[in-house]
Amino acid sequence: MTGPSQPRSTPRSQPSVSEVCDDLGRFIDASPSPYHAVATAADRLVAAGFVELVETAAWEPVDRGFVRRGGGLVAWAAPATATPAMPLRVIGAHTDSPNLRLKPQPDSGAVGIAQLGVEVYGGALLNSWLDRDLGLSGRIALAVDDGEVIERLVLIDRPVARVAQLAIHLDREVNERGLVLDRQRHLAPMWAEGSAEPGTFRAWIASELGVEAEGIGGWDLMFHDLSPARRIGVDECWLAAPRIDNLASCHAGLEAMVRAGGSADRVAVLALFDHEEVGSMSATGAQGALLPTVLARWNDAAGGRPDDLHRALAASVCISADGAHATHPNHVDRHEPDHRVVLNGGPVIKRNSNERYATTSLGQAIAVEACRAAGVPHQVFVSRTDLACGSTIGPITAAQLGITTVDMGLAQLSMHSARELCGARDPAMLAATLTAFLRL
């Protein structure tokens, strides 16, 4: 199935625990938006010998390829002897994180301060966005010659905005009753002096990008914290960074694809979805047709029939890789007492009887075997029975494809904060586990 012009990557040595952690930090810093995460992932795949295919073109069979669409990407690696009915090993993750996103007409303000109207994307910890130096990233849609519309990435990686918190002198009881933020009134970032006439921001972003303001048809822009990823703790045992949920899983999945590729009798697939934080129902989300369509087209290019793909899926397994809650040392009572999860304790297998996670006993056994093969410990997470449980792309992927699916990921604290925390050794253990999974 190898195309005649496909480059092949040379095997690389296994990186150290420290190298994986530092590389994750670089990956996160380079990926402030889902679109940048996909661009960064695509660059790494190309460097590893993967060939990018275009969705609007006819596909030739390639054994190491990928497609990207907005904030979503699907890659595959198959042995040269692959057949259309060969089972799949799928790693799924998501590129989006909760944040503040710019409204279509954002210009507002008061008392001589220009502000920008935002929407809250996903389940953000709102207080974590206060008093931070914020950059801006995402994409714009730009009209060019003959009515064609193109997309262009935007990265303003300097402090252009800030959401200022109210001084304690003006809210004396805040430490006793807790901080309450109104999403409409209290989260608009300040970004300039002066008035806020409609069109001010459009003119500024056009100037930054060197384009005509009239040519900007729309944008998907979001703010990001400018503090870089860095190791913390007296022994540097933790990694503090934005967007660990879920760029840590995207990074681990990429590492696994580059290290392992397809085994002799399996096809490896990496699916990076957008919009998980808001339900996954989009053209690039796990509830959309992106992954099923790519798998069907790969099967067609390989000369397979629909029945071949159905046979392959019946024998396939997916790991939905996403963050797991570590037991919080200041809030131990918020966690299931018989399922403690610790930082640097290895990948966390997530279970929920109400199908908020897709893991079954069969899937759990497969995940445990992958950890054993990787030589790393594992943990099991279950929510307290009296607390609602979050969800992932796991149940959605299981329902979409009808395949055995396991929810697992690395432990973290401060989930959905503008700045999150994980163990510095956990990224390497997750990458090793996903690599072993692809080789099982």
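What to note about this one:
- Selection within the stretch 392-415 - in contact with an Asp or Glu (Cβ under 6 Å, 6 or more places away or on another chain), over 13 Å from H94 (Cβ atoms) and either part of a helix (DSSP H, G or I) or outside the structural domain of T359 (by TED's automatic domain parsing) (or both): P395
- Considering the conditions (1) within 16 Å of the chain's Cα centre (by Cα); (2) assigned to a loop (DSSP other than H, G, I, E, B), E355 is excluded by exactly one of them, (1).
- Identification of strands (runs of 3 or more DSSP E) wholly contained in the stretch 154-234 with 2 or more residues that are charged (D, E, K, R) yields 216-225, 230-232.
- Of the strands (runs of 3 or more DSSP E) lying entirely inside the stretch 55-152, those carrying at least 3 residues that are more than 25 Å from the chain's Cα centre (by Cα) are 99-110, 113-121.
- Residue in the stretch 236-251 that is more than 30 Å from P84 (Cα to Cα), assigned to a helix (DSSP H, G or I) and more than 27 Å from the chain's Cα centre (by Cα) present: no
- Candidates are the residues of the stretch 118-176 that are at positive phi and among the small types (G, A, S); the one that is surrounded by the fewest Cβ atoms within 10 Å (Cβ to Cβ) is G147.
- Residues located in the stretch 256-277, provided they are within 24 Å of G70 (Cβ to Cβ) and surrounded by fewer than 24 Cβ atoms within 10 Å (Cβ to Cβ): V258, E277
- For the stretch 172-198, the candidate set comprises residues that are modelled with pLDDT of 95 or more and small (G, A, S); within that set, the residue that is farthest from G112 (Cα to Cα) is A188.
Yes/no per residue for (1) hydroxyl-bearing (S, T, Y); (2) buried (at least 17 other Cβ atoms within 10 Å of the Cβ); (3) more than 29 Å from V278 (Cβ to Cβ); (4) in the same structural domain as E119 (by TED's automatic domain parsing):
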| position | (1), (2), (3), (4) |
| --- | --- |
| L53 | no, yes, no, no |
| A58 | no, no, yes, no |
| D63 | no, yes, yes, no |
| T81 | yes, no, yes, no |
| P84 | no, yes, yes, no |
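- Candidate set: the stretch 27-37, residues that are in contact with a helix residue (DSSP H, G or I) (Cβ under 9 Å, 6 or more places away or on another chain) and assigned to a helix (DSSP H, G or I); chosen: the one surrounded by the most Cβ atoms within 10 Å (Cβ to Cβ): A37
The values are calculated or read from the model by the stated rules, or taken from the named source; none is laboratory data. Worth saying up front: this structure is predicted, and the values here are computed from it rather than measured. A quick note on method: Cβ atoms are made from the backbone with ideal geometry, for glycine too, and the neighbour counts reach across all protein chains shown.
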